[in-house]
Amino acid sequence: MIRRTLGQIAVMIRHSSLDAGHEGLPVTGVSTDTRSIGPGSLFIPLIGPRFNGHDYVREAIERGAAASLWNRGEADPPEGVPLLYVEDTLAALQELAAVYRRQLRVKVVGITGSNGKTSTKDMLASLLGTTYITQKTQGNLNNHIGVPLTLLQLDEDTEMAVVEMGMSGLGEIESLSRLAQPDAAIITSVSEVHLGDLRSRDKIAQAKAEILQGLKPGGLFVYNADNPRLTGLLEEHALSGFRSTSFGEEAHHPWHLTSCSETIDGTSFTLSDPWCPRLHLSMLGRHQAVNALGAIAVARYFGIPYDRIQAGLRQVEATGMRQERITIGRLTVLNDAYKSNPTSLRAALQTLYTLGQGRRTAAVLGEMAELGEEAAELHREIGRELDAGRIELLLTLGPMAALIAQEAESRFPPGSVVHCRHPEEAIARLESLTEADVLVLVKGSRSLRMERIVEALQQEVRLC
């Protein structure tokens, strides 16, 4: 993490001012939350619609912070606290991160996409970590606050950083990319997930392509070319000034699968490079093997041999609630509760179908958020597509998910489709299955916190 004196940080943040006598104060790391203050850190008080971090500056110092930023427009700065005065604390955080990134010799890989960016981040960090000192975005710190915090967490000796970039509107990815200045960039996918914000798939593709704005000249751009909106947009950009390559399901992509098999222990596959042996990925699903292609392309660019790529894929430390396999009694649960949208839900269902061959299966599907005006029809489409021959019990949760149940009900046996008004209803239905050998998919948008269903089942089994 960043280690500088407060005087050095004042130089890094333009137009800042510091009271005399504090220039030599050592600072180790930064924090925007008093709950995560580390000894000697710099507290950065941000202002939101329902909070003002300046109210917690003294608490931050009491918890071990060495100093704090302070907006010049805020009244009553606390006395006796080392303060660095700035015009805007958020802008100062971003500027500090940008300057610190330029001071490091680290190679940065930026990753964005509607689906798959977190899994690809985890895979690539594992691959690069076989050869280089590597750090990655922790959790979901991928926005205008999370990306600068990720950069400021990098150690001086870090050789590779894998930085995830998310967005909710146009211009955000460009800002993050210019901040991180990636040496390589990946677009994992473009799908309906942002329709509620951007209203059109073309604008979603445009937003993801903004990652090119910060890509260093001569760097590598890797993208999933299965989406014609993205490839059409990129053709208009006339990709130049850097290297580019594509991956995906289709055989004409430079990086594509030539075979793929799935078991409950992971996914094995071969790819288009004849020099590559059969690989085994510890994550579940063909879609994860496709995501792995983007990570492998970047790993090869940075000189990682295939034997180390094999080792890295076998030991991926995946971020939780992305088809996380959990055993509860005799149930096997695919906990995919982090988010849901039509593309990711179809991929998760395909994994359920494949792994559920020859065994009982159930699906607990929550509604999909942020789909805008198309939300109702997109939920109905999922209901019409569900395979009644491969799902024994279907439970839905959330108002929009009721449309999934309505469309599916006529094709499923009586009583096998239930719309639950509350999580407790779904939990009660599943508790009756904990002594049976059943594969269960749990998936829904973040707002539903579907992981509570998994946690309740775990608790129930522990009490038995």
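The values are calculated or read from the model by the stated rules, or taken from the named source; none is laboratory data. All figures in this text were calculated on a predicted structure; none of them were measured in a lab. Neighbour counts are summed over all protein chains in view; Cβ atoms, including those assigned to glycine, are modelled from backbone coordinates with ideal geometry.
Checked against the criterion of being surrounded by fewer than 17 Cβ atoms within 10 Å (Cβ to Cβ), modelled with pLDDT under 95 and more than 19 Å from Thr118 (Cβ to Cβ), the candidates His280, His237 yield just one match: His237. Of the residues examined, Ala456 is not one that is over 21 Å from Ile326 (Cβ atoms) and either of a type in the set (Phe, Trp, Tyr) or touching a Pro at 6+ places or on another chain (Cβ under 8 Å) (or both).
The single condition among (1) of a type in the set (A, V, I, L, M, F, W, C); (2) part of a helix (DSSP H, G or I); (3) in contact with a strand residue (DSSP E or B) (Cβ under 6 Å, 6 or more places away or on another chain) that Trp70 does not meet is (2). What do you reckon, is Thr361 assigned to a strand (DSSP E or B), touching a Pro at 6+ places or on another chain (Cβ under 9 Å) and touching a residue at least 12 places away in the same chain (Cβ under 8 Å)? Considered against the rule, which asks whether it is assigned to a strand (DSSP E or B), touching a Pro at 6+ places or on another chain (Cβ under 9 Å) and touching a residue at least 12 places away in the same chain (Cβ under 8 Å), Thr361 comes out as no. Just one of the numbered conditions (1) of a type in the set (A, V, I, L, M); (2) farther than 21 Å from Ser240 by Cβ; (3) in a helix (DSSP H, G or I) is not true of Ala205: (2).
Within region 241-293, the only residue that satisfies the criterion of being of a type in the set (S, T, N, Q), more than 23 Å from the chain's Cα centre (by Cα) and in a loop (DSSP other than H, G, I, E, B) is Ser272.
Residue count for region 23-51, restricted to those that are among the β-branched types (Val, Ile, Thr) and in a strand (DSSP E or B): 4. Residues that are under 19 Å from Gln213 (Cβ atoms), in a helix (DSSP H, G or I) and outside the structural domain of Ile37 (by TED's automatic domain parsing) do occur in region 113-120. Just to be sure before I move on: is Glu236 free of Cβ contacts under 8 Å to residues at least 60 places away in the same chain, more than 27 Å from Ser445 (Cα to Cα) and in a helix (DSSP H, G or I) in the structure I sent? It is true that Glu236 is free of Cβ contacts under 8 Å to residues at least 60 places away in the same chain, more than 27 Å from Ser445 (Cα to Cα) and in a helix (DSSP H, G or I).
Only one of Leu331, Leu365, Leu355 is farther than 17 Å from Glu455 by Cα and among the aliphatic types (A, V, I, L, M). Can you tell me which? Leu355 is the lone residue from the list that is farther than 17 Å from Glu455 by Cα and among the aliphatic types (A, V, I, L, M). State whether one or more residues within region 77-91 are modelled with pLDDT of 95 or more, among the small types (Gly, Ala, Ser) and either assigned to a helix (DSSP H, G or I) or under 30 Å from Gln323 (Cβ atoms) (or both). Looking for residues that are modelled with pLDDT of 95 or more, among the small types (Gly, Ala, Ser) and either assigned to a helix (DSSP H, G or I) or under 30 Å from Gln323 (Cβ atoms) (or both), one finds at least one in region 77-91, hence yes. Of the residues screened, Ile404 is one that is at pLDDT 95 or above, aliphatic (A, V, I, L, M), under 30 Å from the mean Cα position of the chain (by Cα) and not in a strand (DSSP E or B). Among the residues of region 168-184, those identified as among the aliphatic types (A, V, I, L, M) and out of contact with any strand residue (DSSP E or B) (no Cβ under 7 Å at 6 or more places or on another chain) are Leu170, Leu176, Leu179. The set of residues in region 380-437 being of a type outside the set (Asp, Glu), closer than 19 Å to Arg360 by Cα and touching a Ser or Thr at 6+ places or on another chain (Cβ under 7 Å) consists of Arg390, Ile391, Leu393, Leu394. Residues in region 332-355 that are surrounded by fewer than 23 Cβ atoms within 10 Å (Cβ to Cβ), outside any helix (DSSP H, G or I) and more than 19 Å from the chain's Cα centre (by Cα): 1 in all. Of everything in region 297-308 that's in a helix (DSSP H, G or I) and out of contact with any strand residue (DSSP E or B) (no Cβ under 7 Å at 6 or more places or on another chain), which residue is nearest to Thr130 (Cα to Cα)? My answer is Arg308.
If I ask for residues that are closer than 23 Å to Thr343 by Cα, assigned to a helix (DSSP H, G or I), of a type outside the set (Lys, Arg) and within 31 Å of the chain's Cα centre (by Cα), which ones from region 408-464 would you list? Matches in region 408-464: Ala408, Ser447, Leu448, Glu451, Ile453, Val454.
Each residue in region 283-308 was checked for being farther than 22 Å from Ala348 by Cβ and either surrounded by 16 or more Cβ atoms within 10 Å (Cβ to Cβ) or aromatic (Phe, Trp, Tyr) (or both), and 10 of them qualify.
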